[in-house]
1. Scan segment A:309-321 and report the pairs whose first residue is of a type in the set (Phe, Trp, Tyr) and whose second residue is assigned to a helix (DSSP H, G or I) and surrounded by 14 or more Cβ atoms within 10 Å (Cβ to Cβ), with Cβ atoms within less than 6 Å and a gap of 6+ or a chain change.
2. Residue pairs, Cβ under 8 Å, 6 or more apart or interchain, first in segment B:93-110 and within 15 Å of B:Ile72 (Cβ to Cβ), second in a loop (DSSP other than H, G, I, E, B). List them.
3. Restricting to segment A:198-241, give me the number of residues that are of a type in the set (A, V, I, L, M, F, W, C), surrounded by 24 or more Cβ atoms within 10 Å (Cβ to Cβ) and at the interface with chain B (Cβ under 7 Å from one of its Cβ atoms).
4. When you check A:Glu192 against the structure, is it closer than 27 Å to A:Val289 by Cα and charged (D, E, K, R), yes or no?
5. All but one of (1) at pLDDT 95 or above; (2) within 21 Å of A:Val138 (Cβ to Cβ); (3) outside any helix (DSSP H, G or I) hold for A:Val289; which doesn't?
6. Looking only at segment B:147-191, filter to residues that are of a type in the set (Val, Ile, Thr) and away from chain A (no Cβ under 14 Å); which one of those is surrounded by the most Cβ atoms within 10 Å (Cβ to Cβ)?
7. For the structure I just gave you, tell me whether A:Phe343 is under 30 Å from A:Val93 (Cβ atoms) and aromatic (Phe, Trp, Tyr).
8. Just to confirm my filter: which helices (runs of 4 or more DSSP H) fall fully inside segment A:1-88 and include at least 1 residues that are under 24 Å from A:His291 (Cα atoms) and without any contact (Cβ under 8 Å) to a residue 24 or more places away in the chain?
Protein chains: 2
Amino acid sequence: MENLKFAIFGCGFWSQFQLGAWTEVEGAECVALYNRTRSKAEKLAERFNVPRVYDTAEELLQNEKLDFVDIITDVDTHAHFVELAVKHGVPNVICQKPMAPDYETAKRMVKTCRDAGVNFYIHENYRWEAPIRRYKEVLDAGVIGQPFKARISFLSGFPVFDNQPFLAELEQFILTDMGSHILDVARYLFGECKELWCQILSQTPGIKGEDVATVMMKMKNGMPLYAELSYASIVEHDSFTTVFVLAEGDKGSAYLGPGLEIRTTTRDGTTSEKVTIPSYEWADPDYIVNHESGIPINRNILDDMLGRGKAENTGDDNFRTVQLVWACYESAATGKIIDMDSF
Amino acid sequence: MENLKFAIFGCGFWSQFQLGAWTEVEGAECVALYNRTRSKAEKLAERFNVPRVYDTAEELLQNEKLDFVDIITDVDTHAHFVELAVKHGVPNVICQKPMAPDYETAKRMVKTCRDAGVNFYIHENYRWEAPIRRYKEVLDAGVIGQPFKARISFLSGFPVFDNQPFLAELEQFILTDMGSHILDVARYLFGECKELWCQILSQTPGIKGEDVATVMMKMKNGMPLYAELSYASIVEHDSFTTVFVLAEGDKGSAYLGPGLEIRTTTRDGTTSEKVTIPSYEWADPDYIVNHESGIPINRNILDDMLGRGKAENTGDDNFRTVQLVWACYESAATGKIIDMDSF
């Protein structure tokens, strides 16, 4: 079978890891890159042997016959490029998370793709991290029985504002950025949320948005789930670039903690396993858990395009994560519990 | 100065530890014991050299001139014995936690004592546990700066229902029992609660009340605080008979975890200290953290009676903890956030 041909829009920092992950997946071939600043696209093209480079997305779409595009531009421009690809008849569109800068735009993007019969995928990679996948296997194996409560923590002091000063200017920060990941992991592991109460704080001096959020959820299956996110944390074990999870069930508990270690406790005692991840030439060893996750998510999306599997991160599915993010803001603003069925 | 003379009402399991703790405190002398089953009182009197034993509380109160009584009977009878002591002109009354089996009774008890000019104290000992005291010192020393969020966990699989089968029959269980402790520790460490949302579960088969509770609070100072209580937990580190606390501040974090260890993390790294507790002949080494706490709380109450200090656990103060417990039940029943100012 011939490779699916795709183009990448946006050749910023993240694109090298996305393109790197694609090189590990059989069946897809990057034929073109578009970037506003051409030199960046040329550099990336050279590194990954991509044949053609374009100054504008329109020109690329007019000249290339694509099976899909992978949009890795700034969040503000996601809708524009998704709509452009749809207009040019690209049958499959992948868009980086978070889907959109606001709830209404996300809603419109999903509708645009649905109306055009375009397969829409969101590149939400945290649920694809090896420790999270393995943790889900532990839950599904029934070792700890039926989970009845859980807590998910992303507590980090990673200097995000030093590295990316524009983040300090965002009116909304950690819930749109990390919240998308964490709330999606919550859905992946424990199902859908019925109600939530969110509190947000702005701890780092001089930033506009919130860098701390705590979310108490009641899941549809009745279990309470506490999620905490923070970029203002000075903790012994920084959870960047993954999350820590403690789930308790009627037969035991499972803790995904520091060092990608899963500690499973039953009445017979505690067993430990460390999740290991191979290294890749294109990935940063310091962020390997994050970078490697691009491989299985890309494979999962490709399988869906080829009709040999179902994608988890469709636009429709990810829209439920988007809803959680904006329900959190609504809750924080009003001080009220949000009922997800009527959000 | 002459010793203050006191009597104990109730010679059940806990009374030995309470009486043991009193033997470590200078200035108070137990002169009489009352118990429904006289033989139990006699046994305890013999062990701790208490001169007189009574079959009824009335007889004791008529015959003894007391500076205070220490009530260690079943929770259902607390109000009765408090009121009896007040009626007999005992100037100081100590009552075991939880204050009362319901909110209205607690309210009445506080009023009865206040109206009679009787000093009323609740023996709420968890905040007096050595690791909790030390943890408070760490917070107060400013090492981690101003706390902006916290989480308190009591996750245990201690077989309470095997040891005390009547607990399975209670309509309300873990919030009245352990909740009193945990919510009081929350107040002690982080101040008063503004709003809370509580979810409860009944996990152990065959029990009437709840054995799991999660409480999301918004404190008056604006910080979010998550408290989780469970007797259905099978976890690697059982927190019985204390609690684990993680507080995060703008300069670092402090974690009170397994083994009575406090790990304090700042930008300079992590330091660890283990809280040690001396042993006592009357205390059970397995529960030393809990039993030892009786000494400082008794000392604190005695100082208040003698006018040389202020008691922390007055009836008025503890009533705020009682309010939290019943606000939790109200929240769990209605599914709503409770505003403590209007509860």
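1. From segment A:309-321, the pairs are A:Phe319/A:Val110.
2. What qualifies is B:Val93/B:Val118; B:Gln96/B:Gly10; B:Gln96/B:Trp14; B:Gln96/B:Ile72; B:Gln96/B:Thr73; B:Lys97/B:Glu124; B:Lys97/B:Asn125.
3. Final tally of qualifying residues: 2.
4. yes
5. Tallying (1) at pLDDT 95 or above; (2) within 21 Å of A:Val138 (Cβ to Cβ); (3) outside any helix (DSSP H, G or I), A:Val289 fails exactly one: (3).
6. First, pick out the residues of segment B:147-191 that are of a type in the set (Val, Ile, Thr): B:152, B:160, B:174, B:176, B:182, B:185.
Next, only the ones that are away from chain A (no Cβ under 14 Å) stay: B:160, B:176, B:182, B:185.
Values: B:Val160: 20, B:Thr176: 24, B:Ile182: 27, B:Val185: 25.
Ranking the qualifying residues of segment B:147-191, first place goes to B:Ile182.
7. Details: under 30 Å from A:Val93 (Cβ atoms): yes; aromatic (Phe, Trp, Tyr): yes.
Yes, satisfied.
8. Working: elements: A:15-23, A:38-48, A:57-63, A:78-87.
Qualifying helices (runs of 4 or more DSSP H): A:38-48.
The values are calculated or read from the model by the stated rules, or taken from the named source; none is laboratory data. Keep in mind the model is a prediction, meaning the values are calculated, not measured. In this analysis, Cβ positions are derived from the backbone assuming ideal geometry, glycine residues included, and neighbour counts consider all displayed protein chains.
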